[in-house]
Amino acid sequence: MMEFPETTSPDERATSGVRAVDYDAELQLHDGAFRRACAIHAHERVLDIGCGAGKTTRDAARAASAGSALGIDISAPMIARARELAAAEGVRNVRFEHGDAQTHPLPAQGFDVAISRFGTMFFADPITALRNVRGALAGDGRLVMMVWQALEANEWSLAIQGDRPQSSAAFSLADSAVVERILDAAGFADATFQDVHEPVYYGDSVEAALQWIGQFQATREASRSLDAASAERERARLRAIVAQHHRDDGVWFDSRAWIVSAGCR
Ligand SMILES: C[S@@+](CC[C@H](N)C(=O)[O-])C[C@H]1O[C@@H](n2cnc3c(N)ncnc32)[C@H](O)[C@@H]1O
């Protein structure tokens, strides 16, 4: 199970009358730390792995004003959305390709930096994927990826999933020792872990937050597996939890992530 929403666009969701949330709004307090850690220079060539709708790819392209950014993602609808948004924002030095990071052919030493905001935890074979990425980096290249810390440190997941079995994919890179081993096997070295402790934003109202949570694959799968009475109880449980987290400035849940930075070996 993944903790990110499927492919509904904010425009589609806005038609319900509720002000729609999207993944970029959810992570608004994570962005500054991630951009600073990426520290993209003007001439750099950037690869964004699991780029989704491409917010971090566009940000990287803007920073690499004399360079370029390529986003890759396994989801064709996400890549289509990323292309639309880049065109709408007039970002010209950015491209998107549909592909699996584990197998997608990438030019040898074609990039100076590989970045990923919550895109590297879902690989079936993380060593193969990161080795592929490593092969695409210049010898002095670097990797910067944001990943969730352990489930127990992430209130959003504990709250949403309740006592249902917890998803592990989103937290597969939570353990720094595991990440170091994977990075070493993939050809990276000198990993550092920056603690990012910021809440995630789920919308300006309880309805908006429930609509957003309803997009999550884990929520969809759970509701498909429940009978009518259990599904009703689950909706009531979620509504109560969301209401508890509704502050003057919207619905927020605590979260904790790592920014993992590494160089090439
Ligand atoms: C949580 S989303 C993050 C999206 C984006 N990085 C962002 O911050 O908006 C994870 C993304 O990883 C992509 N993904 C999962 N497995 C992948 C793979 N094997 N290769 C490429 N992308 C993958 C998903 O399609 C999804 O868009």
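For segment 51-89, which residues satisfy the criterion of being of a type in the set (Val, Ile, Thr) and either within 7 Å of the ligand (Cβ to nearest atom) or in contact with a helix residue (DSSP H, G or I) (Cβ under 7 Å, 6 or more places away or on another chain) (or both)? Result: 56, 57, 72, 74. Candidates 167, 116, 157: the one that is of a type outside the set (D, E, K, R), within 15 Å of the ligand (Cβ to nearest atom) and at pLDDT 95 or above is 116. When the residues of segment 170-184 are filtered to those that are farther than 20 Å from residue 30 by Cα and out of contact with any Leu (no Cβ under 8 Å at 6 or more places or on another chain), the one that is nearest to the ligand (Cβ to nearest atom) is 178. Per the listing 48, 22, the residue uniquely within 13 Å of the ligand (Cβ to nearest atom) and surrounded by fewer than 24 Cβ atoms within 10 Å (Cβ to Cβ) is 22.
The values are calculated or read from the model by the stated rules, or taken from the named source; none is laboratory data. The model shown is predicted, which means the values in this text are computed figures rather than measured ones. Neighbour counts run over all protein chains shown; Cβ positions are idealised from the backbone, glycine included.
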